[in-house]
Amino acid sequence: MKKFKSLQDFTDELAKDDALKADMMSDPERTLNSVKIEDKWVYRMAIWFLGIVVIIIVMGTLIVYVDDQVPEFLIALASTAMGAIAGLISQNS
């Protein structure tokens, strides 16, 4: 399995390597399944963004709705963001 840092690295290697190009032409599905692109920054940025969303929602609800009932859409937003974080972490590990 070949590892690349980005999709651009893969396309550059595809332009240079005739064997990889032949594999891609003969069986693209198998070739693409054997390639792994290790772009960890996309996952890190998504997790940071979703974490910040959760923190803002929790802090905002604590400040604004201390005595009142918390609206359901804020609970749904925070739990959805937490589920997305869990999905990204479990998929990427």
About the Cα centre, charge dipole magnitude for the chain (Lys/Arg +1, Asp/Glu -1 at Cβ), debye: 280
Average accessible surface area per residue within the chain, 1.4 Å rolling probe, Å²: 77
Mean residue ellipticity (222 nm) of the chain, computed from DSSP H runs ≥ 4 via -39,500 (n - 2.57), nearest 500: -25000 deg cm²/dmol
Shape call, the range 4-43: gyration tensor on alpha carbons, a/c limit 1.5: oblate
Theoretical gain in end-to-end length, V70 to I37 [0.36 nm per residue, Cα-Cα removed]: 7.7 nm
The chain - percent relative contact order, Cα under 8 Å, separation 6 or more: 29
Shape category assigned to the range 36-77 from the gyration tensor of Cα positions, a/c cut at 1.5: prolate
Rounded to 10°, Cα long-axis angle of helix 7-16 versus longest principal axis of the chain: 0
Two-site label geometry, I55 and D12: point separation in nm, points 7 Å out along Cα→Cβ: 3.4
Probe 1.4 Å - accessible area at E29, Å² to nearest ten: 130
Of L74, I63, Y43, farthest towards positive along the dipole that unit charges on Lys, Arg, Asp, Glu beta carbons give the chain: Y43
Between helix 72-92 and the chain: long-axis angle, C-alpha atoms, 0 to 90°, nearest 10: 30
Integer Hz, Karplus 6.51/-1.76/1.60 couplings in order for the range 44-53, x for Gly and Pro: 4, 5, 5, 5, 4, 4, 5, x, 5, 4
From the coordinates shown, percent of Cα pairs over 17 Å apart corresponds to which of [x] 53; [y] 63; [z] 48: [y]
Apportionment of accessible area to carbon and sulfur, the chain, percent (1.4 Å): 64
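The values are calculated or read from the model by the stated rules, or taken from the named source; none is laboratory data. The structure presented is a predicted model; accordingly, all values stated were derived computationally and were not measured. Every residue, glycine as well, gets a Cβ built from its backbone with ideal geometry; the counts of neighbours run over all protein chains shown. For the accessible areas, the whole protein counts, side chains as well, though only heavy atoms, and no ligand, DNA or RNA atoms are used. Shrake-Rupley method; radii C 1.70, N 1.55, O 1.52, S 1.80 Å.
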